[in-house]
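Novice: Next up is a structure, given as structure tokens.
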Amino acid sequence: MAHEHPSLSQMILDRARTSPQCVAFRVRRGEAYVDVPWSELPARIEAIAAGLLSAGQVDDGACITIVGNTTMESCLVDFAALSVGLKTVPVYASLLPEEVGYMHVDTAAQLIVVDDGSQLEKVRAFRKGFTFFDRRYSPDELGARAKVVVLHPAGLAPSDDWESLESLEARGRARRAALEGEMRRRASLIRREHVATFTYTSGTTGAPKAVIQTHDNMLAMLEDVADAGLLDDNVLKHGLFLFLPAAHSFGRMVEFAGPFFGAPLVMSSVPTLAADLVAARPGFFPAAPRVFEKMMAKVTSAIESEHGLRRWLLEWALRVGHQVATQGSAGKPLPVLLAAQRGLAERLVLAKLRARLGLDNASVLLSGAAALRVDVQMFFLSLGLTVLEAYGLTETCPGLTVNRKEDVRPGTVGRPFKRCELKLGSDGELLARGPNISRGYLNRPDATGDAFDEDGWFRTGDLGSIDAEGFVRITGRKKELIKTSGGKYVAPLKIEAQLKRNPLVQEAVVMGEGRNYCTALFALDTEILAVVARREGIPADPTHPRITSVLQTLVAETNSNLASFERIKTFRVSPGPFTVDGDELTASLKVKRHAVARKYAALIESMYEAGPSQIPVAAS
């Protein structure tokens with residue numbers, strides 16, 4: 001494939017030049033979304049770039065961190081920094097000061113941009129020195145001396161240690177002419193093979209690693225997305241919904257996909273996601289599986305709260321949708337009766353449910369970052385929504401495989417992108433090669449060496465299978481296999497996926513390493529627990545006998561599909577949900593298995609001290 005763009009920055013500037021009247025961003029203003037065309041952005045990007053270069057010492061190719069949530073303003077800073085050859089480092093808003101401080105030392109960042117006052121306080125905290133993984137870092141090890149740039153400073157008291165984006169942009173406009181030669185010089189140095197960004201892995205164990213991502217890595221991924229035909233004219237009209245943080249490679253791909261494809265970026269955030277979907281009605285909705293699980297749980301809980309004819313009609317329509325999704329995926333024409341039922345179900349129920357979710361204009365729903373349960377995927381397919389599962393890692397920027405719209409195979413993560421090669425290692429690990437794959441980790445030659453085999457294949461760490469048609473299934477994480485005291489290996493992910501089928505369950509963690517049987521620790525979804533409690537007329541107590549009975553039934557049904565050594569013999573429920581702040585989840589909402597084991601050690605130990613429960617195996 002010909003390299004259409006020599007760099008991400010040139011791709012962005014080309015879009016502004018060739019499509020000035022096209023919508024670049026859709027942003028929420030009060031109750032409605034407003035369009036921001038590309039014609040308004042080049043002058044702003046240049047002013048921000050000049051403002052950054054005049055903020056203090058900024059070496060060629062220096063790192064600039066962007067700490068916080070993704071907004072139009074953070075994207076413009078990202079675009080501006082890239083345009084003058086700076087390396088951008090997106091940082092999750094939820095991280096603690098010491099981890100954010102470590103990232104600044106690790107990348108030798110010279111400039112810091114933060115979302116708001118809460119993120120500024122983190123910077124102030126780590127600038128005093130901090131301890132991270134038993135090492136003390138002094139203030140002298142931090143290279144960023146310039147004022148912190150605050151994107152949204154509302155309510156922030158004036159101080160000498162920060163300036164607003166508005167102030168930086170104004171300075172940049174004033175100094176634009178004087179810096180034009182320097183800006184052009186830096187832009188002329190950028191090459192496709194150069195590093196564009198460092199994106200940190202979630203750090204489920206140990207200090208996070210900065211993944212090296214080049215312009216070529218990111219552009220190759222976008223070019224392969226184009227080849228896969230994921231985005232149609234409807235998406236270009238209604239836009240790409242962006243609520244994922246840029247620190248998540250999935251979110252970063254969407255950020256760059258806007259200018260690459262000429263599609264509006266519809267800006268949102270996790271707290272406002274549901275309302276923003278309804279207000280914006282985007283054409284493309286990418287999310288992690290947990291988001292789809294919560295959407296499904298809310299719909300199914302609402303249906304279970306209905307009675308009589310209305311409940312029957314809702315359930316009938318979903319059954320029809322399920323039949324259509326199942327038979328349609330086989331590529332056969334629908335029977336006449338089913339086609340008629342689909343039309344009726346569409347008019348009476350399904351179209352209204354899609355509109356209620358704000359997904360009535362969505363051509364594609366894309367799930368990535370973790371495994372999507374088959375029942376969740378089938379639920380959205382039953383609604384008449386094309387939900388595709390993809391697979392990849394931060395190191396693959398971020399994709400390796402994807403289901404195509406014309407051939408969706410639930411239970412698989414699809415086939416490789418055009419230039420991605422996949423094969424299985426001798427132990428079943430998926431190995432990958434392709435232009436989108438990172439060259440390794442910043443300052444971590446040991447980890448980089450471990451990540452690739454002797455022939456240059458990237459070790460994904462995931463166990464899987466590849467069928468004769470090239471469809472890939474992920475069966476577990478290589479490092480997360482549980483070995484029982486009987487010497488049997490258990491893949492916890494497949495069991496946990498089954499245990500999460502009930503909307504009540506936010507997370508399920510299977511334990512059993514070195515033990516003689518497996519157990520499960522549940523964390524419940526507080527919103528769904530409240531709904532169930534109101535419906536059942538019981539307190540919203542995770543340990544209530546009625547809730548315990550529901551979980552026992554769930555475990556029994558799951559056990560019916562497992563080998564005897566895999567079966568869950570007993571379980572406990574955590575006092576509250578798993579959260580990022582509670583250290584049970586990474587910033588990308590993956591379970592920190594080792595952290596959960598440490599935090600709930602007493603609760604887990606109680607399951608083995610008490611011995612296995614009498615949980616029957618449900619008839620399959």
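Novice: What is the set of long-range amide H partners of M511 at a cut-off below 5 Å, with H atoms built 1.01 Å from backbone N?
Specialist: Result for M511 returns T519, A520, L521.
Novice: Highest mean first, how do 6-12, 340-346, 536-542, 155-161 rank when packing is the count of other Cβ atoms within 10 Å averaged over residues?
Specialist: Details: 6-12: 22.1, 340-346: 16.6, 536-542: 13.4, 155-161: 9.4.
Sorting 6-12, 340-346, 536-542, 155-161 by mean packing, highest first, produces 6-12, 340-346, 536-542, 155-161.
Novice: Taking the simple approach of a point 7 Å from Cα along Cα-to-Cβ for both T131 and N234, what is their distance in nm?
Specialist: For the pair T131/N234, the computed spacing is 5.6 nm.
Novice: Give me a comma-separated list of calculated 3J(HN,Hα) values for the range 255-270, in order, Karplus coefficients 6.51, -1.76, 1.60 applied at θ = phi - 60°, integers in Hz, x for any Gly or Pro.
Specialist: My calculation for the range 255-270 gives 4, 7, 5, x, x, 4, 8, x, 9, x, 8, 8, 7, 8, 8, 4 Hz in order.
Novice: Oh, and also: Taking the Cα centre of each part, how many Å lie between the range 234-308 and the range 444-485?
Specialist: Answer, in whole Å: 29.
Novice: Would the range 282-369 count as rounded, prolate or oblate if I go by the C-alpha gyration tensor, calling it rounded below 1.5 in a/c and otherwise prolate when a/b exceeds b/c, oblate otherwise? Don't skip to the answer; put the middle values down first.
Specialist: Details: a/c = 1.86, a/b = 1.15, b/c = 1.62.
Oblate, since a/c reaches 1.5 and b/c is not below a/b.
Novice: Read phi for every residue in the range 185-200 and hand back ³J(HN,Hα) as whole Hz from Karplus 6.51 cos²θ - 1.76 cosθ + 1.60, θ = phi - 60°, with x for Gly and Pro.
Specialist: Taking θ as phi minus 60°, the curve returns 4, 5, 5, 5, 7, 6, 10, 4, 7, 6, 5, 9, 7, 10, 10, 7 Hz for the range 185-200.
Novice: A further question follows. Share of antiparallel DSSP beta bridges in the range 350-509, in percent to the nearest 5? Intermediate values should be presented prior to the final figure.
Specialist: Numbers: 20 of 23 bridges.
Here the share of antiparallel DSSP bridges comes out near 85 percent.
Novice: If you average the alpha carbon positions of the range 98-149 and of the range 549-611, how far apart do those two centres end up, in angstrom?
Specialist: So the two Cα centres are separated by 35 Å.
Novice: Report ³J(HN,Hα) in whole Hz for each residue of the range 457-464, in order, from the Karplus equation J = 6.51 cos²θ - 1.76 cosθ + 1.60 where θ = phi - 60°; Gly and Pro get x.
Specialist: Rounded to whole hertz, the list is 7, 7, 8, 6, x, 9, 8, x.
Novice: Can you work out the accessible area per residue across the range 247-312, with the rest of the protein chains kept in place, probe 1.4 Å, in square angstrom? Could you put the intermediate results ahead of the total?
Specialist: On the way: 2190 Å² over 66 residues.
Accessible area per residue, the range 247-312: 33 Å².
Novice: Enumerate the amide H contacts of F452 below 5 Å, restricted to partners 5 or more residues apart or on another chain; note that Pro and chain-start residues carry no placed amide H.
Specialist: Under 5 Å from the amide H of F452: R459.
Novice: Quick one: if you stick a label point 7 Å off each Cα along the C-beta vector at L334 and K479, how many nm between them?
Specialist: For L334 paired with K479, the spin-label model returns 4.6 nm.
Novice: Determine the percent antiparallel among the DSSP beta bridges restricted to the chain, to the nearest 5.
Specialist: Numbers: 42 of 75 bridges.
That works out to approximately 55 percent antiparallel.
Novice: With each pseudo-label sitting 7 Å past Cα toward Cβ, what's the D60-E315 distance in nm, one decimal?
Specialist: 7.0 nm
Novice: Amide H neighbours of L366 under 5 Å, counting only residues 5+ apart in sequence or on other chains, H built in-plane at 1.01 Å?
Specialist: Hits under the 5 Å cutoff: F285, A287, L388.
Novice: With all protein chains present, how much of the accessible area of the chain (probe radius 1.4 Å) comes from carbon and sulfur, to the nearest whole percent? Walk me through the numbers before you get to the answer.
Specialist: Details: 13700 of 25870 Å².
Carbon-and-sulfur percentage of accessible area, whole number: 53.
Novice: Further question on the same structure: Rounded, prolate or oblate for the chain? Axes are the square roots of the Cα gyration tensor eigenvalues, ordered a ≥ b ≥ c, and the cut-off for rounded is a/c under 1.5. Provide the component values of the computation, followed by the final result.
Specialist: Details: a/c = 1.65, a/b = 1.37, b/c = 1.20.
Note, shape of the chain comes out prolate.
Novice: Using only the Cα atoms of the range 73-196, build the gyration tensor, take square roots of its eigenvalues as a ≥ b ≥ c, and label the shape rounded, prolate or oblate: rounded if a/c is under 1.5, else prolate if a/b is larger than b/c, else oblate. Can you show the working numbers first?
Specialist: Details: a/c = 2.08, a/b = 1.35, b/c = 1.54.
It comes out oblate by the Cα gyration axes.
Novice: By how many nm would the segment from S138 to D446 lengthen if fully extended, with 0.36 nm per residue of separation less the alpha-carbon distance?
Specialist: On the way: separation 308, 0.36 × 308 = 110.88 nm, distance 2.51 nm.
Going from the current span to full extension adds 108.4 nm.
Novice: Can you list the residues of the range 299-324 with backbone N under 19 Å from a point 7 Å past the Cα of A533, pointing along Cα to Cβ?
Specialist: Counting only backbone N, you get 301-302, 305.
Novice: Can you pick out the pairs among K298/K494; K483/K590; K237/K352; K122/K590; K294/K423; K237/K423 whose Cα atoms lie more than 30 Å from each other?
Specialist: Numbers: K298/K494 24 Å; K483/K590 22 Å; K237/K352 21 Å; K122/K590 23 Å; K294/K423 34 Å; K237/K423 38 Å.
K294/K423; K237/K423, as the Cα separations exceed 30 Å there.
Novice: How many angstrom separate the Cα center of the range 173-213 from the Cα center of the range 7-24?
Specialist: If we compute the Cα centre of each part, the gap is 18 Å.
The values are calculated or read from the model by the stated rules, or taken from the named source; none is laboratory data. Because the structure is predicted, anything quoted here is derived from the model rather than measured. Ideal geometry is used to build each Cβ from the backbone, glycine not excepted, and the neighbour counts take in all protein chains shown. With ligands, DNA and RNA removed, areas are computed over all heavy atoms of the protein, side chains included. Shrake-Rupley method; radii C 1.70, N 1.55, O 1.52, S 1.80 Å.
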